[in-house]
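Peer 1: First the structure, which I've put down as structure tokens, then a few questions once you've had a look.
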Amino acid sequence: MASSLSAASISAASFSSSLSASAMGVEVIPVQRTHNRILKSFHAQQLHHRNRRLEALDRRRRRLSEAEYSHPGQWRRSAKEIAAVPLSNCHMVLWSGLISIGTPPQQFLVDFDTGSSDIWVPSMDCDNTCSAFPNWNKFDETSSTSFSTPGNVTGKFSAVYEDGESVHGSYAKDIIHLSDNLKVRQVFAQVTSVYEFESCEGEDGVLGLAFTYDDEREYKPLLKNIKNKLMHPMYSLYLSGTDDYPNDSKLQGIPDLYGNLES
């Protein structure tokens, strides 16, 4: 009962004040937070925070030396981050590029594969199954002063692919050069035998760019190893839509030039 009286008293007081204000010639307009007012307030806050971020970026840009960062977008990068590897498109099937392994570097044309994390190249000790690839570059561990056997990796290397192809060999550890200023000491595999293997452009091996769970491996994949060498833990691939081998025999129904695939 008391609360009802109190509410009635407040309502009566509000009514009487409105009457008195009207009697004095003052028009009373209640303030309402309409939907449009709320949206305008939200957009204003967003614009405010965006402007603050832009001002912070401008201050950072001004602190950098114009002589060192001449390109408008280059201030975002560091020397640790820049690594560009040209890729060729083989029949829209795979994209390959050149890397080097060892000291002095030994060059290999490898498939940049985002579906696996394995890195492998053929070994000088590869058996006669490699004879189908006479132009393969083979890794010579005795010619590399930075070569070592990974002590924390046990067993032999074996990779079996969905189409039935497989490669086998042993693990090794050496410096992999992705570019002149991006290199990392990495565990990879020296392949000593291949089974029903087929290549698109005679590429020497595979560079896996996928992640793995830590408990799946006794060593870190390439991406985890180079993460600390980059300003930001990211990379990108531009996969050209233009076939770099338009006149290859594959397009004419002739058997593949490279491979030991048995029909």
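Peer 1: Any residue in the range 238-252 that's farther than 27 Å from Leu209 by Cα and aliphatic (A, V, I, L, M): show its pairings with residues that are at pLDDT 80 or above and open to solvent by less than 80 Å² (accessible area, probe 1.4 Å) at Cβ separation under 8 Å, as long as the two are six or more apart or on different chains.
Peer 2: What qualifies is Leu251/His91.
Peer 1: Sticking with this one: Take the residues in the range 188-217 that are out of contact with any Pro (no Cβ under 9 Å at 6 or more places or on another chain) and of a type in the set (D, E, K, R); name whichever of them is modelled with the highest pLDDT.
Peer 2: Filtering the range 188-217 for residues that are out of contact with any Pro (no Cβ under 9 Å at 6 or more places or on another chain) and of a type in the set (D, E, K, R), the one modelled with the highest pLDDT comes out as Glu203.
Peer 1: Which residues, counting only those in the range 192-210, are hydroxyl-bearing (Ser, Thr, Tyr) and touching a Cys at 6+ places or on another chain (Cβ under 8 Å)?
Peer 2: Of everything in the range 192-210, those that are hydroxyl-bearing (Ser, Thr, Tyr) and touching a Cys at 6+ places or on another chain (Cβ under 8 Å) turn out to be Thr192, Ser193.
Peer 1: Quick check: anything in the range 207-220 surrounded by 20 or more Cβ atoms within 10 Å (Cβ to Cβ), in a strand (DSSP E or B) and touching a residue at least 40 places away in the same chain (Cβ under 8 Å)?
Peer 2: Checked against the condition, which is being surrounded by 20 or more Cβ atoms within 10 Å (Cβ to Cβ), in a strand (DSSP E or B) and touching a residue at least 40 places away in the same chain (Cβ under 8 Å), the range 207-220 yields at least one hit.
Peer 1: Mind counting the residues in the range 119-147 that are under 28 Å from the mean Cα position of the chain (by Cα) and within 17 Å of Arg185 (Cβ to Cβ)?
Peer 2: 6
The values are calculated or read from the model by the stated rules, or taken from the named source; none is laboratory data. Owing to the predicted nature of the structure, the values given are computational and were not obtained by experimental measurement. For neighbour counting, all protein chains shown are included, and Cβ atoms are generated from backbone atoms with ideal geometry for every residue, glycine included. Only protein heavy atoms, including side chains, enter the accessible area calculation; ligands, DNA and RNA are left aside. Shrake-Rupley method; radii C 1.70, N 1.55, O 1.52, S 1.80 Å.
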